[in-house]
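Notes for the one structure printed next.
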Amino acid sequence: MRLPFLYNSKKHENFVLGENDEYQNGSNRNNTSDKKLSGYYCKDLNLLKTEFSYKKSGDVKLREFTIKINSEDISAALFYIDGLIDKDLLNNFILMPLMVHSREINAENISAVYDVLLPQAEATEDDSISSLSYNLNFGSAILLVNGIAKAISIDIKGWKSKPIGEPQSEKVIRGPNDAFNEQIRFNTALIRRLIRNSDLIVEETKIGNISHTPCSVLYMKNIADDALVKETIWRINSLDIDYIMTSAELEMYIEEKTFSAIPQLLSTERPDRTAKAILDGKVAVLVDGSPYALLLPATFYELNESTEDSYLRYPYANMLRLIRALAFFFSMLLPGLYIAIMNFHNELLPTNLLIAIIAAKEEVPFPGFIELIFMEVALEIIREAGVRVPTPSGSTLSIVGALILGQAAVEASIVSPVVIIVVSLAAIGSFATPNYYLGLAARVMKFVYIFLGGLAGLLGISAGLFIHALLWVHTSSFGVPMFAPFAPRTKHGGFAGIFINPIWKREMRPDIQNPKRKFKEAKISRKWKYK
């Protein structure tokens, strides 16, 4: 039975990635017809020189030579971009066969160029200038031969890339330590290495009328819901933009509510987390040039999950989940609660504690609201400065800056020690939030609750929480409410998003994304226990 809230568009039923609809490749803006090769060598050579900006672009190289066909020298030209191709492949497997081996075998037909003399795995004939230009800029060499009406695009990519590195923001103790890098084909290979199944689909498209940035949509065809896949592909191919560089930009283009503080897609740099999400029925999106994958749909509980939850025994994982939830609310609400209690609700504090706080504030000339705002702004400045300076100096700046500033502020009686404690706990809580954007949302909302607490006390914070909850509950990620499966509660949901069961009791995939294959393990998976 389908869940009523998941996106199920009727108008996109026949949409297939790569179709020449009005949005594909920006045709709704660029209505000029694609240029084609004429079949005349000299004319086509000049056309390619013009289209590839051969004389203006210093990295576009042209090598003209002759091929021996039927005892006759045939003119040929090879275009490539220096830095994008492997020169050993170019010399040994293109130029060597064409210039030398063609004279040794004495080919009798021009078709031997494609059939015999090019021992490359990927070589295609094409007469479209836009396709040839895209292939040239993506690491292919373009071969033009007199007598062949179409140019031959030969894949010899060879740009330098980083080796497999460790995740920077999602470190684990017992899990794998592989991370994505900036090459999309390298990233899809990492996913293929973990999901060795032919049902894994990697659909490709290009984003940007000018940049033509490669993008891949990954899903399991026997698990992922068709409506979810079609909606993802529709949103990506409907973008009418000139360029896109990273998955972070794509996330902002395809999210549903731009002004919502909570992130609506889950980004990860870990192939293992991406593979697990795909196997659970999610859709992953990779963008060339970005070391992060986008996972959709996403819920609030998934944003507060750590990758290591999958590798811990369930009592430890549940304890850490509760700690992270507490840290999130600390980072968002603690400063506001402090100012609300100190200004309006002193009776909530024990008498001895209240006397100690008042004694510490006797020398401070500013009201609690001002000193709290001052310290929060100062902390945000230190945090931003620590990100911008080089890494070795950044951590030192953050630690020393916070210590010196806090100590000096207390000694100068600008702020009270209690404010330092409150601000520090809120900052530590934001660091404990595993998703950077969710932690950033808490940092933004923290200032709202400080103003509400200073304005109306607990009444103001309660009103803010009520409005905040309404906005978040009405936020969805590709048709799935952010607080599912708890609110609304699904058939197999309830507290499943908050707590996890032992691994042998997780028989069903999350039902919030309507997977075609409901069960991921047998009812009795540990058969050894009953034999």
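Here are the numbers for this structure:
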| read-out | value |
| --- | --- |
| Residues located in region 180-213, provided they are more than 26 Å from Gln513 (Cα to Cα) and either in a loop (DSSP other than H, G, I, E, B) or not charged (D, E, K, R) (or both) | Asn181, Glu182, Gln183, Phe186, Gly208, Asn209, Ile210, Ser211, His212, Thr213 |
| Selection count, region 135-162, where residues are farther than 15 Å from Asp82 by Cα, of a type in the set (Ser, Thr, Tyr) and surrounded by 16 or more Cβ atoms within 10 Å (Cβ to Cβ) | 1 |
| Residue match in region 243-256 (condition: without any contact (Cβ under 8 Å) to a residue 40 or more places away in the chain and in contact with a Gly (Cβ under 7 Å, 6 or more places away or on another chain)) | yes |
| Residues of region 82-129 that turn out to be more than 13 Å from Ile154 (Cβ to Cβ), assigned to a helix (DSSP H, G or I) and of a type in the set (Val, Ile, Thr), as a count | 3 |
| Extreme residue, modelled with the highest pLDDT, among residues of region 408-432 that are of a type in the set (Val, Ile, Thr) and farther than 18 Å from Leu337 by Cβ | Ile414 |
| Contacts under 6 angstrom Cβ, first residue in region 35-54 being on the phi > 0 side of the Ramachandran plot, partner surrounded by 15 or more Cβ atoms within 10 Å (Cβ to Cβ) and assigned to a loop (DSSP other than H, G, I, E, B), 6 or more apart | none |
| Some residue of region 230-251 being of a type in the set (A, V, I, L, M, F, W, C), in a strand (DSSP E or B) and buried (at least 17 other Cβ atoms within 10 Å of the Cβ) | no |
| Region 326-347: number of residues that are farther than 15 Å from Leu465 by Cβ and outside any loop (DSSP other than H, G, I, E, B) | 10 |
| Any hit, region 114-121, residues being touching a residue at least 40 places away in the same chain (Cβ under 8 Å) and either outside the structural domain of Ala141 (by TED's automatic domain parsing) or under 47 Å from the mean Cα position of the chain (by Cα) (or both) | yes |
| Number of the exception - Gly479 against (1) at negative phi; (2) within 25 Å of the chain's Cα centre (by Cα) | (1) |
| Residue check for Leu132: among the hydrophobic types (A, V, I, L, M, F, W, C) and assigned to a helix (DSSP H, G or I) | yes |
| Selected residue [in a helix (DSSP H, G or I) and either in contact (Cβ under 8 Å) with a residue 24 or more places away in the chain or among the small types (Gly, Ala, Ser) (or both)] from Ala261, Ala284, Ala227 | Ala227 |
| Hey, Ala484 out of contact with any Cys (no Cβ under 8 Å at 6 or more places or on another chain), modelled with pLDDT under 85 and part of a helix (DSSP H, G or I) or not | no |
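Every residue, every condition in (1) within 12 Å of Ile69 (Cβ to Cβ); (2) at pLDDT 90 or above; (3) in the same structural domain as Glu64 (by TED's automatic domain parsing), yes or no:
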| residue | (1), (2), (3) |
| --- | --- |
| Leu98 | yes, no, yes |
| Ile105 | yes, no, yes |
| Thr124 | no, no, yes |
| Leu132 | no, yes, yes |
| Asn137 | no, no, yes |
| Leu143 | no, yes, yes |
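So that you can scan it fast, the table gives a plain yes or no per residue for (1) surrounded by 15 or more Cβ atoms within 10 Å (Cβ to Cβ); (2) out of contact with any Phe, Trp or Tyr (no Cβ under 8 Å at 6 or more places or on another chain); (3) in a strand (DSSP E or B):
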{"position": "Phe466", "(1), (2), (3)": "no, yes, no"}
{"position": "Lys491", "(1), (2), (3)": "no, yes, no"}
{"position": "Ile500", "(1), (2), (3)": "yes, no, no"}
{"position": "Ile524", "(1), (2), (3)": "no, no, no"}
{"position": "Trp528", "(1), (2), (3)": "no, yes, no"}
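The values are calculated or read from the model by the stated rules, or taken from the named source; none is laboratory data. Small disclaimer: the values here were computed from a predicted structure and weren't measured. Note that each Cβ is placed from the backbone with ideal geometry, even for glycine, and that neighbours are counted across all protein chains shown.
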